[in-house]
Amino acid sequence: MTGKLTAQPGKREELADILLQAAEGMKDNADCELYLVNVSEDDPDAIWVMELWRSAEAHTNSLKDPAAIALIQQARPLIAAIEPVKLRPVGGKGF
C-alpha cells in the first residue's frame, strides 16, 4: 500500500510525528514488512506512507489494535485529504 496524505496547512510535521509513532509500533508486528514515512520535497503539506503487509487481512487486523486506533484518532483532524494507491509488488531488492 502506498498513500498520499495531505496535512492541514502547517500541520505536516505534527502528522508525520504521529505516523512515525505508528511505524515504531509496527516494529514488533511480523506481518508488517515495511512501514515507511516520507515527506514531499515539492509539497509542504504532503506525506507519503509506504506499507508492505503479508496480507490484506494482516493490515485490516492491525487497524483493530487499540494503540493504532488511538493514533488514527489523533491524526484525523490533521489530515486534509488521503489518496490511497494499492500496488502489488512483483519483485526487486528488499522483496
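Annotations
- Scan of the range 1-47 for residues that are of a type outside the set (Asp, Glu), under 22 Å from residue 89 (Cβ atoms) and assigned to a strand (DSSP E or B), ordered by number: 2, 3, 4, 5, 32, 34, 35, 36, 37, 38, 47
- Number of the condition not met by residue 47 [criteria: (1) of a type in the set (A, V, I, L, M); (2) at pLDDT 95 or above; (3) out of contact with any helix residue (DSSP H, G or I) (no Cβ under 8 Å at 6 or more places or on another chain); (4) under 18 Å from residue 4 (Cα atoms)]: (3)
- In the range 13-44, the residues that are over 17 Å from residue 3 (Cβ atoms) and touching a residue at least 60 places away in the same chain (Cβ under 8 Å): 14
- Pairs are defined by a Cβ separation below 9 Å, a sequence spacing of at least 6 or placement on different chains, a first member in the range 79-90 that is loosely packed, with under 11 Cβ neighbours inside 10 Å and at pLDDT below 95, and a second member that is of a type outside the set (A, V, I, L, M) and assigned to a strand (DSSP E or B); the pairs so defined are 84/2; 84/3; 84/4; 85/2; 85/3; 85/4; 86/2; 87/2.
- Flag set for residue 54, criterion: among the charged types (D, E, K, R) and at pLDDT below 95.
The values are calculated or read from the model by the stated rules, or taken from the named source; none is laboratory data. All values derive from a computational prediction rather than experimental measurement. Ideal geometry is used to build each Cβ from the backbone, glycine not excepted, and the neighbour counts take in all protein chains shown.
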